[in-house]
Amino acid sequence: MTARTRGATITPLQRSLATASLATAFDPNQPAPQRRIRLAAALPPVLQQLLAQGRIDRRPRFGDNGFDGMIEQWTPPDGITQAQAALARQSLEDLHASVLLPADSDHLLGRVLTLLSHFPAKGLSPEIERMMALDWAEDLGEYPAWVIDAAARHWRRSRKWRPSIAEMRALCEELCAPERGLADRLGALAAAAPPEFHATESHATDPRSLTAGALRRMG
């Protein structure tokens, strides 16, 4: 089944093929800009075009301590159709089902326990250590396995002290920012189409319903 819009033909991709395409294009060992470029190139051409046509606005962000960097807001182009929005929604689901799929709980817990073992804390029993690791697993459970692995590798190679959960979450956010940014843009495309109007079958085909409606308005 195909849908024609604005002179272009949009053919919905089979879910398994689309997910495989994104997963194949993704290489977590590449630098962040290259990862995002490869993922965008694996999307359907019509989505690539719409992503390129969007508008980027940058404005300063202020926190408790004053200026806290710049934030970027992406706005989709005008005229997004229902077919294009549906394609963006499917691609977004595929991205979450592959590249952004949360880590398996066993993998996550094992990675956390291993990382903490590199920075042993004095005076903590093994049971307390395991309970702390469970807290870590809960607070990091939204991130993919490749993000958790990269964050743990970065920390043990560059730090001399035991990390806090907040520090690891900040590092994970930074590591997957390009992929989450792409997901945000696909989500904006998916939500950009105007809502469809669905007339009920009874009101569309039964003249008596039209008469009843007119009488209610007159009364």
- Item | Order by protection proxy (mean Cβ within 10 Å, highest first), peptides 185-193, 150-158 | 185-193, 150-158
- Item | Of the GluC sites (Glu not before Pro) in the stretch 75-174, those whose Cβ has at most 16 other Cβ within 10 Å and which sit in DSSP loop | Glu142
- Zone of Ile128's modelled label, taken as backbone nitrogen in the stretch 145-162 under 19 Å from a point 7 Å along Cα→Cβ: 162
- Query: Does a label point 7 Å from the Cα of Gln30, set along Cα-to-beta-carbon, have any residues of the stretch 163-192 with amide nitrogen under 15 Å, and which are they?
  - Reply: 178-180, 182
- Item | Principal axis box of the stretch 113-199, alpha-carbon based, largest edge first, Å | 68, 28, 17
- Square roots of 5 times each gyration tensor eigenvalue, C-alpha, the stretch 33-122, largest first, Å: 35, 24, 11
- Length gain on complete extension for the stretch Leu101 to Ala166, per 0.36 nm per residue less the alpha carbon to alpha carbon distance? 21.3 nm
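Every number here is computed from the coordinates shown, using simple stated rules; none is lab data. This one's a predicted model, so the numbers in the text were calculated from it and none came from an experiment. Glycine gets a Cβ as well: all are built from the backbone with ideal geometry, and neighbour counts include every protein chain shown.
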